[in-house]
Amino acid sequence: MAAVIVKNLVKSYGEIQAVKGISFNISKGEIFGLIGPNGAGKTTTLRVLSTLLQINSGSVKILDIDLAKKPEEIRKIISYLPEDAGAYKNLTGRKYLEFIANFFDSKENKKIITRGIKIADLGARIDDKVDTYSKGMKRRLLVGRALMTDPALAILDEPTSGLDVINAQEIRKIIKNISKGGTTVLLSSHNMLEVEFLCDRIALIADGVIIEEGIPKKLMEKYNASNIEEVFTEVVK
Amino acid sequence: MSSLGNIVFKEIRELLTPATLLPIIIMAIIFMSMGNTIGGIEDEIEEPPIIGYIDYDNSNLSKIATNILDKSAKVIYNSTNKEEGIKTLEENDGVAFILIQKNFSNNIFKGNPGEIEIYWIMRGAGILDSISSSVVGLLLDEINNNISRDLIQENIEVNATTVLQPTFRNQTTHFKGKEITGMPPEDISGILSSQSTLIPIVMMMIIIMSGSMVISSMALEKENKTLETLLTLPVKRTSIVAGKIIASAFIGLILAVIYMLGLGYYLMGFQMTDSAGAAQASLYLEASDLLLIGLSVFVTLIAALSFCMLLGTLAKNYKSAQTLTFPVTMLTLIPMFITMFKDFDTLPLALKGILFGIPFSHPMMAPRALIFDDYLLVISGIVYVSIFAIVMILISVWIFKTDRLLTGSTNTNLKKLFRKK
């Protein structure tokens, strides 16, 4: 069963068409990656799916709910992690997670916070103010925030952006684990190797159009490439 | 280009933005229009005050008085019917009706001050509204001095006190349907301004403080990149807008209470001396009036914060938020100064329209209006401000529901229309 169905999605900013009628499906529990250069339309697509931007034409269905008609319902089942997201600086890590958890089922509140603290894995620093966190700690807190609610669809924009190797690896492991737990993941990345490691299926996007889509291994075979980076170069040619 | 020139050119380009220029241009326009208004007031001062008088005494001493009045004022009534005289003045923008009693000179010769009855026609309680009555006050001082001089020159044997103060004023003021005895317009203005100073200042402080909080809060959400997360959470847009407004209103009210405590004690020093006179002149607010003022303050605060929320959606970062507080500050200062200098009733029609249109001016005008039972102005103000607040909230919620909050995009159809034209 498809958890996400995107059909002929068009999104424009004024006269500039950022996404030009793309279509793709994501199965339940699948990790789907959108890969492309800067300005390809990855973030715009993710922002549309997370209800931040309105659709110009086309349709998006998440777990059979029409995004354009019921954005409030969609927000209950998704979680979005923007590329350069921040947290409220005057709150401690724990208070920040509590603030977010309060928007969800109050009966599950404690469970959600405990899960968030576990994913963030900040130890005693969880009770320090966000303002004192390093970039890596902040990102881990935000990943914890995004995944603690056990969303049906996690939309992650460059989840390891700006992180060192160890922190990035930790976050990749977390994403793999939640996918095994049944969460569908849609992520974008510049890092082709990361995508190759993480994603069950990928779509290569350039200039607002999906130019190739498939399982990383099969795409490498199709284009006789040793990695996704080479596939991308080949496709763009 | 030299290194210095290169840096200067770069700095000018960075600093000279529309955001820097616009507030200064608006400020200049406001000062220009205020200059024109003050120019009009100067003309008003230069014009002789419009008065009327009855001289029942018709003596040499009373003629000293009427000669001064004829010379320095524009006399539009000089007959024998008091009621007719007052009515004529009321209909012709008159300032005062002066009545010299029959036994005026006899009293002076007997060593008692001669009575001059003055019926002031007061139109407004602002500082600039009492200019004409002050001019008449000066003429009455001149009458007093000239009669003193005459008594001395003619060697009339009266006691020293009467020589120095040969006249005494029995004053009654007609103001907005009330007849206030024993008080000239200056005293009434003093009482009214001491009673209505607190609200405009506190209103200004609350709006500026809590308004800048709302704008900064929106700007910080954008700058700290927390807005996108907030907008993808299962929370209604109306709850986000209302939550920000309520929190800022709450903090604004706390700050206002602290501020009012200090300012209240400060102003109490001035009010103590006036309280007896105010009660006598029935220039006080009743409990129902205070309730209306409270309602006016409340809806205005909500309107101001809704307006600030709308401005906050335009803020790109904390720096631009600082610029956006400027219109709020100006819209608060303008009515505060106008109501301080002029009464709503005595303003030119255009200024009346501007003052009514600025939602923040209504609680500033309310106390004075309620003292004189002008419920129409206050209630229509509350209704107008409530509508303004609702419209602002609806626009803010609409912006929260569109892409504009994140992309700042403008209406493309509108753009196209302009391009075609």
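One residue stands out in region A:93-122 among those that are of a type outside the set (Asp, Glu) and not in a helix (DSSP H, G or I): the one that is farthest from the other protein chains (Cβ to nearest Cβ), namely A:122. Strands (runs of 3 or more DSSP E) fully within region A:144-234 that include at least 1 residues being within 30 Å of residue A:96 (Cβ to Cβ) and among the small types (Gly, Ala, Ser): A:153-157, A:184-189. Elements of the type strands (runs of 3 or more DSSP E) sitting completely within region B:59-163 and holding at least 2 residues that are touching a residue at least 40 places away in the same chain (Cβ under 8 Å): these cover B:96-100, B:114-122.
Determine whether residue B:167 is out of contact with any strand residue (DSSP E or B) (no Cβ under 7 Å at 6 or more places or on another chain), touching a residue at least 12 places away in the same chain (Cβ under 8 Å) and surrounded by 20 or more Cβ atoms within 10 Å (Cβ to Cβ).
Values: out of contact with any strand residue (DSSP E or B) (no Cβ under 7 Å at 6 or more places or on another chain): no; touching a residue at least 12 places away in the same chain (Cβ under 8 Å): yes; surrounded by 20 or more Cβ atoms within 10 Å (Cβ to Cβ): yes.
The answer is no for residue B:167.
Of all the numbered requirements in (1) surrounded by fewer than 18 Cβ atoms within 10 Å (Cβ to Cβ); (2) hydrophobic (A, V, I, L, M, F, W, C); (3) at pLDDT 85 or above; (4) within 19 Å of the chain's Cα centre (by Cα), residue B:291 misses one, and that requirement is (4).
Looking across region A:6-26, the residues that are within 14 Å of chain B (Cβ to nearest Cβ) and either under 29 Å from residue A:177 (Cβ atoms) or out of contact with any strand residue (DSSP E or B) (no Cβ under 9 Å at 6 or more places or on another chain) (or both) come down to A:13, A:14, A:15, A:16.
The set of residues from region A:36-92 being in a loop (DSSP other than H, G, I, E, B) and facing chain B (nearest Cβ under 7 Å) comprises A:50, A:51, A:52, A:53, A:54, A:82, A:84, A:85, A:86, A:87, A:88, A:89. Of all the criteria given as (1) closer than 30 Å to residue A:148 by Cα; (2) crowded, with 17+ Cβ neighbours inside 10 Å; (3) of a type outside the set (D, E, K, R), the one not satisfied by residue A:190 is (2).
Going by the structure shown, is residue B:183 assigned to a helix (DSSP H, G or I) and either at pLDDT below 90 or away from chain A (no Cβ under 13 Å) (or both)?
Values: assigned to a helix (DSSP H, G or I): no; either at pLDDT below 90 or away from chain A (no Cβ under 13 Å) (or both): yes.
So residue B:183 does not fit the description; no.
A single member of B:132, B:193, B:148, B:189 is at pLDDT 90 or above, small (Gly, Ala, Ser) and at negative phi, and it is B:148.
Within this structure, residue A:29 fails the test of being within 14 Å of chain B (Cβ to nearest Cβ) and touching a residue at least 12 places away in the same chain (Cβ under 8 Å). Right, residue B:169: assigned to a helix (DSSP H, G or I) and outside the structural domain of residue B:372 (by TED's automatic domain parsing) or not? Against the criterion (assigned to a helix (DSSP H, G or I) and outside the structural domain of residue B:372 (by TED's automatic domain parsing)), residue B:169 does not qualify. Tell me which residues, restricted to region A:94-117, are touching a residue at least 12 places away in the same chain (Cβ under 8 Å) and under 21 Å from the mean Cα position of the chain (by Cα). A:96, A:97, A:100, A:101, A:104, A:112, A:113, A:115, A:116, A:117 - these are the residues of region A:94-117 that are touching a residue at least 12 places away in the same chain (Cβ under 8 Å) and under 21 Å from the mean Cα position of the chain (by Cα). Return only the number of the condition from (1) modelled with pLDDT of 90 or more; (2) crowded, with 16+ Cβ neighbours inside 10 Å that residue B:379 does not satisfy. Of the numbered conditions (1) modelled with pLDDT of 90 or more; (2) crowded, with 16+ Cβ neighbours inside 10 Å, the odd one out for residue B:379 is (2).
Assess whether residue B:300 counts as being farther than 30 Å from residue B:123 by Cβ and in contact (Cβ under 8 Å) with a residue 12 or more places away in the chain. Spelling it out, it is not the case that residue B:300 is farther than 30 Å from residue B:123 by Cβ and in contact (Cβ under 8 Å) with a residue 12 or more places away in the chain.
Considering region B:196-211, and only residues there that are among the polar types (S, T, N, Q) and surrounded by 21 or more Cβ atoms within 10 Å (Cβ to Cβ), the residue that is nearest to residue B:317 (Cα to Cα) turns out to be B:210.
Please state which one of B:138, B:151 is surrounded by 16 or more Cβ atoms within 10 Å (Cβ to Cβ) and assigned by TED's automatic domain parsing to the domain that holds residue B:166. I'd like the intermediate steps shown before the answer.
Values: B:138 fails: surrounded by 16 or more Cβ atoms within 10 Å (Cβ to Cβ).
Sole residue among the options that is surrounded by 16 or more Cβ atoms within 10 Å (Cβ to Cβ) and assigned by TED's automatic domain parsing to the domain that holds residue B:166: B:151.
The values are calculated or read from the model by the stated rules, or taken from the named source; none is laboratory data. What you see is a predicted model, and the numbers here were worked out from it, not measured in a lab. Methodologically, a virtual Cβ is constructed for each residue, glycine included, from the backbone with ideal geometry; neighbour enumeration extends over all protein chains shown.
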